[in-house]
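Engineer: I have a structure I would like to understand better, so I am pasting it below and will then ask my questions one at a time.
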Amino acid sequence: MIIPPIFGAIQSIRDRLEKRYIAAYLALTVVGMGSWCFHMTLKYEMQLLDELPMIYSCCIFVYCMFECFKTKNSINYHLIFTLVLFSLIVTTIYLKVKEPIFHQVMYGMLVFTLVLRSIYIVTWVYPWLRGLGYTSLTIFLLGFLLWNVDNIFCDSLRNFRKRAPPILGVTTQFHAWWHILTGLGSYLHILFSLYTRTLYLRYRPKVKFLFGMWPVVMFEPQRKH
């Protein structure tokens, strides 16, 4: 998930959207690049470049979701301070303890926060966004589930793939599915957050497909009468 968010960021710049959404798209690109570097090198430094941006990008997502219903270009300094402090604490502790479970729990907390906020929006504010909201959540959470299954049962799955037919072994590469599903789910989540925001700002958002295959949010300012 490297190139599509770049297109999303470019479209956000063209539409003069708030910088938080440009940051969200670019943060997702950084996560994709970090994961790519780690899996090419399998070095610890590249692992950090893969895992820590997951925390940082999720913090940006949280900020976007909780600022959807504020005035245009408003800045919530208290929330920014809280999320930056959270990121610094997680980074410091993780660099010292080097415990993957700690990273998974902290990341899970952020994901849980996003899930609750998304459910609130599609239940009480914009029920007609349930399709996009629940699709992004389902895809992302399925990837998150497979990631944890792969972490817990890694040895068992590896032994199973040695005995299983190649085509069946591919389907049990849950770590690969984690990257695909969470990347797609994160991208759709940004679209959901952006759609919610532009609705609140009284724009007319539409999901269109770049090159006939990749969704982006485009809109027109509401006409004045």
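Engineer: If you check Y120 against the conditions, is it at negative phi and free of Cβ contacts under 8 Å to residues at least 24 places away in the same chain?
Structural biologist: yes
Engineer: Next question. If we scan the range 154-168, do we find a residue that is surrounded by fewer than 20 Cβ atoms within 10 Å (Cβ to Cβ) and in contact (Cβ under 8 Å) with a residue 24 or more places away in the chain?
Structural biologist: Checked against the condition, which is being surrounded by fewer than 20 Cβ atoms within 10 Å (Cβ to Cβ) and in contact (Cβ under 8 Å) with a residue 24 or more places away in the chain, the range 154-168 yields no hits at all.
Engineer: May I pose another question? Please report, ordered by residue number, the helices (runs of 4 or more DSSP H) entirely within the range 1-111 with at least 1 residues that are surrounded by fewer than 16 Cβ atoms within 10 Å (Cβ to Cβ) and polar (S, T, N, Q).
Structural biologist: 19-41, 77-97
Engineer: Shifting gears a bit: Could you please find all residues in the range 103-117 being without any contact (Cβ under 8 Å) to a residue 12 or more places away in the chain and farther than 13 Å from V62 by Cβ?
Structural biologist: Residue satisfying the conditions is V105 alone.
Coordinate-derived values only; no laboratory data. Note that the structure is predicted; figures quoted are calculated from it, not measured. Neighbour counts run over all protein chains shown; Cβ positions are idealised from the backbone, glycine included.
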